[in-house]
Amino acid sequence: AAGTKTKRRKSRWADDDPKPVIQLPDFMGGIEFDPEIQALNSRLLEISRMLQSGLPLDDRPEGARSPSPEPIYDNMGIRINTREYRARERLQKERQEIISQIIKKNPAFKPPADYRPPKLQK
Amino acid sequence: PGAERVPTTIDESATKVLCLTKAVTTDQLLDDEEYEEILEDMRDECCKFGTLVNVVIPRPNPGGELPPGIGKVFLEYSDNAGCFAAKNALHGRKFGGNVVTAVYYSEEKYHSMDYGV
């Protein structure tokens with residue numbers, strides 16, 4: 001019978017379904033097209049750019065800002081929780097959360113090296 | 001191809017014999033092993049569409065002479081429906097990198113081994 005053949009060549013026939021005319025790069029396949037993932041990815045990029053730009057992260061004018069928390073100083077008397085510092089913390093927290101969400105949706109996603117999974121706590 | 005893949009009616013011009021062109025080259029036909037593999041590939045794939053009675057692939061004569069019909073593959077089905085299904089599935093599909101053209105072939109000519117039309 002035909003099934004007893006030991007070697008199985010690949011047929012010369014191409015797969016039945018013609019490939020899409022535009023061949024997408026591998027990294028763009030499948031789940032990357034999920035609109036939610038796309039939104040998360042673009043926000044992630046935006047945050048990374050803001051963090052790396054060196055530009056002021058909180059440039060809201062005086063009147064538009066909510067009241068600052070009580071100042072915290074280090075033992076040299078220099079304020080730790082400056083506006084800039086708090087803005088950076090906020091963005092970094094958001095960034096970690098976005099990465100967590102992407103990983104939840106796409107376990108194959110490779111997080112950046114500085115990503116730390118959230119501690120499991122209630 | 002692909003756009004009109006879902007035929008609902010039998011083509012009036014259908015015959016039981018389908019002729020594939022542009023599927024094989026003369027060089028491939030000269031190689032015994034390759035020829036056998038091509039026959040096998042054709043049989044394996046083309047029996048999916050109906051009862052395949054025979055596969056005929058004309059070969060060059062030992063003297064290197066090229067009889068008519070070289071480069072064509074003839075698929076004979078037991079009925080028009082199988083042939084029709086095969087034509088729809090195979091036309092425009094690639095075989096060994098070549099885009100295959102599938103056309104109905106005269107049963108009369110086929111049976112009188114006239115492959116040159």
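The values are calculated or read from the model by the stated rules, or taken from the named source; none is laboratory data. Since we're looking at a predicted model, the values are computed, not measured. Every residue, glycine among them, receives a Cβ derived from its backbone with ideal geometry; neighbour counts consider all protein chains shown. For accessibility, only protein heavy atoms count, side chains too; no ligands or nucleic acids. Shrake-Rupley method; radii C 1.70, N 1.55, O 1.52, S 1.80 Å.
Here is how the numbers come out for the structure above:
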item	result
Trypsin sites (Lys or Arg not before Pro) restricted to region B:65-117 and DSSP loop, no more than 12 other C-beta within 10 Å	none
Buried accessible area, chains B and A (both chains, 1.4 Å probe, Å² to nearest 100)	1300 Å²
FRET E, pair residue A:11, residue A:48, Förster distance 45 Å, beta-carbon r, rounded to 0.05	0.45
Sequence-separation-based contact order of chain B, relative, with Cα cut under 8 Å and 6+ spacing, percent	39 percent
Accessible area expressed per residue, chain B, with surrounding protein chains retained (probe 1.4 Å, Å²)	53 Å²
Estimated inter-spin distance, residue A:39 and residue A:73, nm [label 7 Å along Cα→Cβ]	4.5 nm
Segment residue B:12-residue B:114, length gained on full extension (0.36 nm per residue, minus Cα span)	34.5 nm
Whole-angstrom Cα spans of chain B along principal axes, big to small	46, 31, 21
Cut-off under 5 Å, modelled amide H: who pairs with residue B:104 long-range	B:19
Value of [θ]222 nm, deg cm²/dmol, for chain B, DSSP H segments ≥ 4, -39500 (n - 2.57) each, nearest 500	-8500 deg cm²/dmol
Sparse-neighbourhood loop sites, chymotrypsin sites (Phe, Trp or Tyr not before Pro) in region B:16-117 - DSSP loop, at most 15 other Cβ within 10 angstrom	none
FRET efficiency, residue B:51 to residue B:31 (Cβ-Cβ, R0 25 Å, nearest 0.05)	0.25
